[in-house]
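Down below is the structure, laid out as structure tokens.
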Amino acid sequence: MSDLHANIEKLNGYLARFRDTGVLNRIAGKDEPAQSGATFENHSPVDETLICNVAKSGTADIDAAAQAAKAAFPAWRDMAATERKKILHKIADGIVERAEEIAFCECWDTGQALRFMSKAALRGAENFRFFAERALTARDGQHLVSPTLMNITTRVPIGPVGVITPWNTPFMLSTWKIAPALAAGCTVVHKPAEFSPVTARILMEIAEQAGLPTGVWNLVNGFGEDAGRALTEHPDIKAIAFVGESKTGSMIMKQGADTLKRVHFELGGKNPVIVFDDADLDRALDAAIFMIYSLNGERCTSSSRLLLQSSIAKEFTAKLIERVNRIKVGHPLDPTTEIGPLIHQTHFDKVCSYFDIAKSDGATVAAGGAALDQPGYYVRPTLFTQAKSDMRIAQEEIFGPVLTAIQFDTEDQALEIANGVEYGLTGYVWTNDLTRALRFTNSLEAGMIWVNSENVRHLPTPFGGVKASGIGRDGGDWSFEFYMEQKHIGLATGQHAIPRLGA
Ligand code: NAD
């Protein structure tokens, strides 16, 4: 039996329970259908078959979850950090034990290839371990002495928070947001993306089995415009950590205005990889290909714009075309697959629409530019060349395995093109000229920049974007800045003169 068939058989075992029960909400430690009784169907992008029904929740369900998170908050906040640390480590252990199930379900739910989802599941465990350790110092502050006072600062968890996640690598992203919230002492209401609800449910089960007290983490499924909206408007939810599209971030900011919601946004990107002629071109080629064609190109940090110095463009592009044409598109559970199907019909239609847009704008479709003629939302890895920076293919986030190559002559031109988009999440610079690297990274408008490297995540470093790519940072201590409030306490060290009014 091939690996693929064996994997499909295992997947069927993992999914059987969801076919029977659907994906229910989990509120205050209990399985709950939507109070209205409504459900929606969740289909696989691989062959469009029904995976399961999912609770279609609304305001009443969010309210129940927010009440549960509010009731659980004081005890969780006041639990010794050493205890919280143990629970978070146990969650990480549980993820590792169920990593195969998580990876297989994620592949089937999202269309992402197994080679990447296996790693994403384990990265979820790492996120919990990292913040488990940090829980011990989350409340630490400073000691700022003045002539009359001993000033101390401390941090306290902000309260119940809402976490809203997208469908690309939903498991890993959920852990990335929820682990620091729990480590900080916050309680959570999680609303996962409607297109990929399965692994959020598995994660929730792992957390409860690890001993997380009832109500500390609540899961409510549903659509953005009802469940998501209700979460952002709920008065007992103190902050919203959101990962998704820039225009959704803008809506959430408006929705949260009446309750003065604190927001943290990780949004879209149109990230440049800039290759200068003095770079190690073989490594630059590998990195550029990896950063756009891995994870189906459905990756916020993807290098979707390739800026090539004209002197090397011809040779570099020829090698690129050859490699892109060899990328293996196939079933996500086939271990040799490099690109799986896109998440759903609407997204597939959006990505495919750029094939015509590119041609009508005058670019060349140098590779791909077509869907696969088979069920499922498969597209060929695509490369557009002869593009100009003002074309839609160079400005808009396509969010698929589609790369737009643009040529430049000088460093100034490269910078102008790189910065000439509304986004500013990541940038990748390839040069062996150290001074140029320093100069260029200083002026590049991006929250995260790698020089002579693909995106290699180091958890203590800040993660986030500028411009339309986001507000706030995750990672290291930055996550706690969001999930906690700073508190200042001033203690008089003597009998300083207090102004005496009416004396
Ligand atoms: P999306 O914005 O459509 O949906 C994300 C989540 O928001 C879903 O759970 C959805 O139900 C919810 N939502 C939608 N409307 C809402 C509303 N009015 N109120 C509250 N919640 C609402 O995004 P998507 O299509 O699921 O994900 C892809 C996008 O996410 C891309 O733009 C990608 O770049 C971005 N992304 C960014 C990062 C990052 O770290 N910067 C990481 C991953 C994905």
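The values are calculated or read from the model by the stated rules, or taken from the named source; none is laboratory data. Every value quoted in this text rests on a predicted model; they were computed, and no experiment measured them. Here the Cβ is made from the backbone with ideal geometry for all residues, glycine too, and neighbour counts use every protein chain on show.
What number of residues in segment 21-52 are in a strand (DSSP E or B) and β-branched (Val, Ile, Thr)? Write out each step before concluding.
Residues of segment 21-52 in a strand (DSSP E or B): 23, 25-27, 30-32, 39-43, 50-52.
Those still in the list that are β-branched (Val, Ile, Thr) too: 23, 27, 39, 51.
Total satisfying the criteria: 4.
Within segment 98-109, the set of residues being in contact (Cβ under 8 Å) with a residue 40 or more places away in the chain, part of a helix (DSSP H, G or I) and out of contact with any strand residue (DSSP E or B) (no Cβ under 7 Å at 6 or more places or on another chain) comprises 100, 101, 102, 104, 105, 106, 107. Residue 443 fulfils the conditions (1) crowded, with 17+ Cβ neighbours inside 10 Å; (2) out of contact with any Phe, Trp or Tyr (no Cβ under 9 Å at 6 or more places or on another chain) except for a single criterion, (1). Among the residues of segment 456-478, is any without any contact (Cβ under 8 Å) to a residue 24 or more places away in the chain and part of a helix (DSSP H, G or I)? Checked against the condition, which is being without any contact (Cβ under 8 Å) to a residue 24 or more places away in the chain and part of a helix (DSSP H, G or I), segment 456-478 yields at least one hit.
Does segment 100-108 contain any residue that is surrounded by fewer than 20 Cβ atoms within 10 Å (Cβ to Cβ) and over 24 Å from residue 19 (Cα atoms)? So far as segment 100-108 goes, no, none of its residues is surrounded by fewer than 20 Cβ atoms within 10 Å (Cβ to Cβ) and over 24 Å from residue 19 (Cα atoms). One residue stands out among those in segment 222-247 that are among the β-branched types (Val, Ile, Thr) and over 12 Å from residue 470 (Cβ atoms): the one that is farthest from the ligand (Cβ to nearest atom), which is 237.
Restricting attention to segment 451-481, the residues that are away from the ligand (no atom under 13 Å from the Cβ), within 23 Å of residue 292 (Cα to Cα) and not polar (S, T, N, Q) total 5. Looking across segment 248-260, the residues that are under 16 Å from residue 166 (Cβ atoms) and either at pLDDT below 95 or within 7 Å of the ligand (Cβ to nearest atom) (or both) come down to 248, 251, 252. Taking segment 405-437 as the range and being surrounded by 16 or more Cβ atoms within 10 Å (Cβ to Cβ) and within 16 Å of the ligand (Cβ to nearest atom) as the test, the residues that pass are 421, 423, 424, 425, 426, 427, 428. Of all the criteria given as (1) assigned to a helix (DSSP H, G or I); (2) away from the ligand (no atom under 15 Å from the Cβ); (3) not hydrophobic (A, V, I, L, M, F, W, C), the one not satisfied by residue 277 is (1). Out of 407, 413, 486, one residue alone is part of a helix (DSSP H, G or I), modelled with pLDDT of 95 or more and polar (S, T, N, Q). It is 413.
Going by the structure shown, is residue 365 among the β-branched types (Val, Ile, Thr), surrounded by 16 or more Cβ atoms within 10 Å (Cβ to Cβ) and in contact (Cβ under 8 Å) with a residue 24 or more places away in the chain? Against the criterion (among the β-branched types (Val, Ile, Thr), surrounded by 16 or more Cβ atoms within 10 Å (Cβ to Cβ) and in contact (Cβ under 8 Å) with a residue 24 or more places away in the chain), residue 365 does not qualify.
For segment 319-329, the criterion of being within 16 Å of the ligand (Cβ to nearest atom), part of a helix (DSSP H, G or I) and crowded, with 16+ Cβ neighbours inside 10 Å is met by no residue. Listed by position, the strands (runs of 3 or more DSSP E) enclosed by segment 119-213 that each have at least 3 residues that are touching a helix residue (DSSP H, G or I) at 6+ places or on another chain (Cβ under 7 Å) and closer than 29 Å to residue 295 by Cα are 161-164, 188-191. The conditions of being more than 22 Å from residue 191 (Cα to Cα) and exposed (fewer than 13 other Cβ atoms within 10 Å of the Cβ) are met by residue 12.
Counting only residues that are more than 16 Å from the ligand (Cβ to nearest atom) and either surrounded by 22 or more Cβ atoms within 10 Å (Cβ to Cβ) or at pLDDT below 95 (or both), segment 294-312 holds 4 of them. In this entry, residue 134 passes the filter for residues that are more than 16 Å from the ligand (Cβ to nearest atom) and of a type in the set (Lys, Arg). Look at (1) touching a helix residue (DSSP H, G or I) at 6+ places or on another chain (Cβ under 7 Å); (2) away from the ligand (no atom under 11 Å from the Cβ) and you find that residue 267 fails only one, number (2). Apart from one condition, residue 114 fits all of (1) in contact with a Phe, Trp or Tyr (Cβ under 6 Å, 6 or more places away or on another chain); (2) under 18 Å from residue 15 (Cβ atoms); (3) of a type in the set (A, V, I, L, M, F, W, C); the exception is (1).
Conditions (1) in contact with a Phe, Trp or Tyr (Cβ under 9 Å, 6 or more places away or on another chain); (2) among the acidic types (Asp, Glu); (3) touching a residue at least 24 places away in the same chain (Cβ under 8 Å), marked per residue:
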| position | (1), (2), (3) |
| --- | --- |
| 273 | yes, no, yes |
| 276 | yes, no, yes |
| 280 | yes, yes, yes |
| 285 | yes, no, yes |
| 288 | yes, no, yes |
| 291 | yes, no, yes |
| 305 | no, no, yes |
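For segment 450-503, the set of residues classified as out of contact with any strand residue (DSSP E or B) (no Cβ under 6 Å at 6 or more places or on another chain) and among the hydroxyl-bearing types (Ser, Thr, Tyr) consists of 453, 461, 479, 483, listed by residue number.
The listed residues are 384, 355, and the only one of them that is in contact (Cβ under 8 Å) with a residue 24 or more places away in the chain and not in a strand (DSSP E or B) turns out to be 355.
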